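Here is the structure we will look at, set down as structure tokens.
Quick note: the coordinates plus some simple rules give every number you see, no bench work behind them. Computed from a prediction, not measured in an experiment: that's the story for all the values here. Every residue, glycine as well, gets a Cβ built from its backbone with ideal geometry; the counts of neighbours run over all protein chains shown.
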Ligand code: NAD
Ligand code: GLY
């Protein structure tokens with residue numbers, strides 16, 4: 001049964017769209033799409049639902065049924081789960097599926113899955129016949145609060161993440177928190193790192209709500225779950241509206257990601273989930289902020305306390321090579337003149353981008369994090 005629906009509008013002129021958040025919403029997907037894509041004239045319009053076998057087994061039938069009853073002709077394409085599917089080969093597979101179904105400019109691509117499916121399907125939608133309508137139905141917490149919003153799509157190439165990509169805003173995002181019930185607890189926690197990040201960079205009151213609700217958010221019993229998802233989307237949307245093409249302010253969404261990405265890379269993406277790496281990276285950023293006099297130690301303590309309550313590791317594993325991490329940071333696309341640039345927390349609820357941080361400061365902060373006793 002559909003309960004209260006939260007609507008967040010992303011205001012981007014003629015690329016504006018709604019994000020709907022509500023329990024049971026998956027069963028109204030077709031009607032919500034029809035209302036927005038065609039002013040009701042969805043009859044005969046083709047939809048390609050892109051998913052992975054596991055997610056399709058859970059939610060594919062409900063999605064197809066909902067689309068068919070709203071008049072869409074439904075086709076589906078299955079891509080194996082996992083980051084390795086964000087590849088040129090998967091793009092070609094989906095182009096083939098669109099070609100085989102004789103997709104035309106009215107065809108809509110629906111991504112049903114986590115960030116991997118969303119980024120991949122979005123890129124295919126961005127490029128097939130120079131742009132098809134695209135709808136996101138994210139099923140991981142990370143995808144519901146982050147990757148489905150903002151229009152970044154893309155795939156990996158060689159060893160580089162997201163090297164090939166396009167900005168292509170969805171026409172609609174439909175978030176059904178009930179889908180999180182089948183998500184493994186580790187993946188749920190992982191997505192919460194991004195939620196905590198929003199509190200740090202943009203909203204102190206939200207940060208304090210997260211402190212109170214963290215257990216209920218982890219086990220999905222919190223009555224605030226849907227509103228926390230919706231508010232996370234709102235906070236991201238407000239940033240994207242100001243800097244859609246990632247030319248300045250949008251970098252604040254990368255709080256914790258600079259060291260986080262380096263940790264994912266030095267461990268060959270095998271040790272940490274994205275959120276676990278970002279949690280460690282947020283602590284690194286707080287310690288770096290302390291070193292350069294921007295972050296107050298008591299704010300670092302608040303961040304660490306919440307991350308710990310959510311079950312994240314905050315101490316840096318001493319077996320990681322600091323040399324390797326520092327080398328990766330110097331190569332990071334955000335670095336200038338060899339100094340990596342960091343998003344730093346000025347206080348809980350406010351972060352600023354583009355602080356150049358000398359290597360010696362970085363090393364000292366990371367060293368402190370390996371001996372962390374907070
Ligand atoms: P994911 O898509 O790999 O999903 C994680 C796992 O959960 C997969 O095995 C998936 O099959 C499974 N799963 C998904 N939904 C499920 C459900 N409801 N029940 C049970 N299992 C389910 O990982 P993710 O964390 O969602 O996304 C990571 C990707 O997102 C990365 O490629 C990253 O680069 C990208 N990303 C993109 C943006 C953006 O702005 N476009 C932002 C952040 C991350
Ligand atoms: N995940 C960062 C962004 O969308 O810009």
- Enter the angle in degrees (range 0 to 90, nearest 10) between the Cα long axis of helix 359-370 and the first principal axis of the Cα atoms of the chain, meaning the one along which they spread out most. 80 degrees
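How long are the three semi-axes of the equivalent ellipsoid for segment 59-123, computed from the Cα gyration tensor as the root of 5 times each eigenvalue, in whole Å, largest first? Could the numbers behind the result be given before it?
Values: eigenvalues 84, 46, 16 Å².
For segment 59-123, the semi-axes come out at 20, 15, 9 Å.
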- Task: Post the alpha-carbon centroid distance, segment 108-164 to segment 82-105, in whole angstrom.
- Result: 12 Å
- Item | Length-normalised contact order of the chain in % [C-alpha pairs under 8 Å, at least 6 apart] | 14 percent
- Inter-part gap, Cα centre of segment 53-71 to Cα centre of segment 258-296, in whole angstrom, is 38 Å
- Query: Percent relative contact order of segment 117-173, based on C-alpha pairs within less than 8 angstrom and at least six residues apart?
  - Reply: 42 percent
- Item | Packing-based order for 266-272, 224-230, using average beta carbon neighbours within 10 Å, highest first | 224-230, 266-272
- Assuming R0 = 56 Å, can you tell me the calculated FRET efficiency for the pair residue 76 and residue 238, based on Cβ-Cβ distance, to the nearest 0.05? 0.95
- Query: Roughly what would the spin-label model give for residue 327 and residue 160, points 7 Å off Cα along C-beta, in nm?
  - Reply: 1.9 nm
- With Cα coordinates, the longest principal axis of the chain makes an angle with the long axis of helix 225-242, in degrees rounded to 10, of 80 degrees
- Item | For q = 0.12, 0.19, 0.22, 0.24 Å⁻¹, Debye-computed log10 I/I(0) when each Cα of segment 15-113 counts as one equal scatterer | -0.40, -0.99, -1.23, -1.35
- Task: Express in nm, to one decimal, how much length is gained between residue 309 and residue 27 on full extension, taking 0.36 nm for each residue of separation and deducting their alpha carbon distance.
- Result: 98.1 nm
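Could you list 345, 101 so that the one with the fewest beta carbons within 10 Å of its beta carbon is first and the one with the most is last?
On the way: 345 28, 101 15.
So the ranking, lowest neighbour count to highest, is 101, 345.
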- Run through the DSSP bridge list for the chain and note the antiparallel percent, rounded to the nearest 5. 45 percent
- PRE zone check, label point 7 Å out along Cα-to-Cβ of residue 218, amide N under 12 Å, scope segment 281-324, hits 306-313
- Over the chain, how many percent of alpha carbon pairs lie in each 10 Å bin up to the one with the longest distance? 5, 25, 33, 24, 10, 3, 0
- Note on the structure: Helix-only [θ] at 222 nm, the chain, -39500 (n - 2.57) per DSSP H run of 4+, per residue, nearest 500, equals -13500 deg cm²/dmol
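Quick check on the exposure proxy: order 59, 95 from fewest to most C-beta atoms within 10 angstrom.
Working: 59 22, 95 14.
With the sparsest Cβ surroundings first, the list reads 95, 59.
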- Query: What is segment 79-167's relative contact order, in percent, from Cα pairs under 8 angstrom and six or more apart in sequence?
  - Reply: 29 percent
- Message: Can you compute the FRET efficiency between residue 354 and residue 301 using 1/(1 + (r/R0)^6), with r the Cβ-Cβ distance and R0 = 25 Å? Round to the nearest 0.05.
- Response: 0.50
- Query: Which FRET efficiency, nearest 0.05, do residue 54 and residue 105 yield, Cβ-Cβ r, R0 30 Å?
  - Reply: 0.45
- Helix 115-127 sits off the longest principal axis of the Cα atoms of the chain, rounded to the nearest 10 on a 0 to 90 degree scale, by 60 degrees
